[in-house]
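Structure first, then comments.
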Amino acid sequence: MRLFKWIYVFILILSLSCAVNPVTKKKQLMLVSEEEEFKMGRSAAKEVEEEMGIYLELPQLRALVKKVEDNIGKHSDRPYLIYRTEIVDTPDFNAFALPGGFIFVHRGLLARINSVDELAAVLGHETTHVAARHSAAQISKEKLINFLLFGVNIATGGVVQNYGQFINLGFVLAFNKFSRDYERQADSYGIIYMTRAGYNPLAFLSVLKQIKRLEAKEPSLFEVWFMTHPPTDERIKLAKEELKELRRTCPKCFKRPIRRNEYIALLNGLAIGERTNNELVLKDRYYNKQYYFSIKIPYGWFVRLRSKYATVIFLNSKKQFFAFVDVDPLMKRISSKDYHKRNEKQMLRQGLIKLQDLKIKIPYGAMVSIFKGFDRSRGEITAELISFVRGENGYRLVGSSRKKDFSELQKALMEMINGWEFLKPEEAMKLQPLRLKIHRVRKGETWKSITIKYYGSDIGSAKLAEFNGFDKGKEPPSGILIKIPPTLRFY
């Protein structure tokens, strides 16, 4: 009887908690008011600003992002809402929306796209998430599920707890599907919004093709993206269908000029690569300005800053190699040997098994030990610990790989420790991030000639063309502006 009463209450809440979606005009479950939605978004936005930082160095670029979003917002299905847009100071190709009208674009995405229209495509997608109240709808579902589970648990005397794992897994999969539906909706209405606002809808397809190229290079970097977004091939196919219908109803929309030069001109001096107030990546080296040291980055590896788990993380996602560097402020002076033993104990506590110590001569009197273990994604793994003490700090480098790839990982770790250098404070303080340059193409110039001019060789000319949104074999027309990254290493 308790269970039936709870189900009755559940159905009653369900029937009284429907609202019309502003975008689709269909009824949907909604347990979050617009005021609550805004408060949640405002709170989350503060955390984003604190953790990622807002990029303020190019005020005209920032103003353009805000202007384009304001224009798209006014042509959305919630035109009365204030849409607040900021650039976050991270190098990722990403943008995201929070409840209530808070939208963030990553600095790295702005470096990759090539026109005001492509910017509008990105913002049209994110604006749809806000206009359609996707976050509020997702939160409403979670509230309802929590209420139902709580009620069923009481009604059954706690029996449902025994099946919690399976229930949670089912809900995660359900939410994943809903999320992908939302992403499809964001693509569909994003094209509509950007077109209504006066931009060329073909730019939406250009952005999706850029995503396709990036994920082909570094698929594991897009794993989280794949969890919530439909496969990019599917998105491209659906976008083409949308554009085909739009071409029928608004053929003039496709004749709008793509505003490339206006956008590219504002990227001059844009910071490129990973950086925080204390750290940055310059070409093939990681620099730490707080502890005055730098590390050589092995070819094909990337760096991730702002980690909760380490001072800095190095990764080769194609090989599934990971290396963590930690700086430990010491309470009292100890030897490198004692510090290494302390680190070994920590490795053992994490479930690894020590195999051996390596008696090799490496910089700073560092000590080396090898471990084996297992993780869910890579299976059998081998890990290497390198640690030493210098001054008042301990330094630890831990790398891991699949067992069969360990010899290759080991070469990379040796390259890192042998390329580890300590800096003078005045040297560290002079370090500045790498920045984009802008080049106006002259008559007769080709990708090869431009690459030779800026990099001393035509190696990488295809990468430069791709970075500027050109397909293979297509030369840049004279008069257009193109982006010259400080290095083609990661492009």
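The values are calculated or read from the model by the stated rules, or taken from the named source; none is laboratory data. What you are looking at is a predicted structure, and each value in this text was computed from that prediction instead of being measured. Using ideal geometry, Cβ is built from the backbone for each residue, glycine included, and neighbour counts are taken over all protein chains shown.
Scanning the stretch 42-68 for residues that are part of a helix (DSSP H, G or I) and either at pLDDT 90 or above or among the β-branched types (V, I, T) (or both) yields a count of 18. Residues in the stretch 66-114 that are under 18 Å from I191 (Cβ atoms), among the basic types (K, R) and without any contact (Cβ under 8 Å) to a residue 60 or more places away in the chain: R78 alone. Assess whether E262 counts as being in contact with a Leu (Cβ under 9 Å, 6 or more places away or on another chain), acidic (D, E) and at pLDDT 90 or above. Yes: the conditions hold for E262.
The single residue among A366, A323 that is in contact with a helix residue (DSSP H, G or I) (Cβ under 8 Å, 6 or more places away or on another chain) and over 21 Å from E279 (Cα atoms) turns out to be A366.
Within the stretch 32-57, being surrounded by fewer than 19 Cβ atoms within 10 Å (Cβ to Cβ) and of a type in the set (A, V, I, L, M) holds for M40, A44, V48, I54, L56. Could you check, for the stretch 77-86, whether at least one of its residues is buried (at least 24 other Cβ atoms within 10 Å of the Cβ) and among the polar types (S, T, N, Q)? Scanning the stretch 77-86 turns up no residue that is buried (at least 24 other Cβ atoms within 10 Å of the Cβ) and among the polar types (S, T, N, Q).
Would you check which residues across the stretch 56-97 are more than 21 Å from A265 (Cα to Cα) and basic (K, R) and list them? If the condition is that a residue be more than 21 Å from A265 (Cα to Cα) and basic (K, R), then K74, R78, R84 are the ones that fit. Answer yes or no: is there a residue in the stretch 257-272 that is in contact with a strand residue (DSSP E or B) (Cβ under 7 Å, 6 or more places away or on another chain), on the phi > 0 side of the Ramachandran plot, surrounded by fewer than 18 Cβ atoms within 10 Å (Cβ to Cβ) and in contact (Cβ under 8 Å) with a residue 24 or more places away in the chain. Yes; the residues of the stretch 257-272 include at least one that is in contact with a strand residue (DSSP E or B) (Cβ under 7 Å, 6 or more places away or on another chain), on the phi > 0 side of the Ramachandran plot, surrounded by fewer than 18 Cβ atoms within 10 Å (Cβ to Cβ) and in contact (Cβ under 8 Å) with a residue 24 or more places away in the chain.
Whether any residue in the stretch 414-433 is basic (K, R), within 24 Å of V207 (Cβ to Cβ) and not assigned by TED's automatic domain parsing to the domain that holds L208 is what I want to check. So far as the stretch 414-433 goes, no, none of its residues is basic (K, R), within 24 Å of V207 (Cβ to Cβ) and not assigned by TED's automatic domain parsing to the domain that holds L208. Taking the criterion of being over 16 Å from K372 (Cβ atoms) and either buried (at least 16 other Cβ atoms within 10 Å of the Cβ) or in contact with a Phe, Trp or Tyr (Cβ under 7 Å, 6 or more places away or on another chain) (or both), the only residue of the stretch 402-412 that qualifies is A412. Mind listing just one residue for me: the one in the stretch 477-491 that is touching a helix residue (DSSP H, G or I) at 6+ places or on another chain (Cβ under 7 Å) and assigned to a loop (DSSP other than H, G, I, E, B) and, of those, nearest to N268 (Cα to Cα)? My answer is P485.
Screening the candidates N146, N162 for the property of being surrounded by fewer than 17 Cβ atoms within 10 Å (Cβ to Cβ), at pLDDT 50 or above, out of contact with any helix residue (DSSP H, G or I) (no Cβ under 9 Å at 6 or more places or on another chain) and over 30 Å from R304 (Cα atoms) yields one hit, N146. Applying the criterion of at least 2 residues that are polar (S, T, N, Q), more than 24 Å from P91 (Cβ to Cβ) and without any contact (Cβ under 8 Å) to a residue 60 or more places away in the chain to the helices (runs of 4 or more DSSP H) found wholly in the stretch 350-468 leaves 406-418.
Within the stretch 185-204, being under 9 Å from T128 (Cβ atoms) and under 25 Å from the mean Cα position of the chain (by Cα) holds for Q185, A186, D187, S188, Y189, G190, Y193.
Examine the stretch 206-214 for a residue that is of a type in the set (K, R), buried (at least 16 other Cβ atoms within 10 Å of the Cβ) and modelled with pLDDT of 50 or more, and state whether such a residue exists. Looking for residues that are of a type in the set (K, R), buried (at least 16 other Cβ atoms within 10 Å of the Cβ) and modelled with pLDDT of 50 or more, one finds none in the stretch 206-214, hence no.
Taken as a whole, the stretch 361-371 holds no residue that is surrounded by 16 or more Cβ atoms within 10 Å (Cβ to Cβ), in contact with a Pro (Cβ under 9 Å, 6 or more places away or on another chain) and more than 25 Å from K319 (Cβ to Cβ).
None of D187, D233 is of a type in the set (D, E), within 19 Å of V68 (Cα to Cα) and at pLDDT 85 or above except D187.
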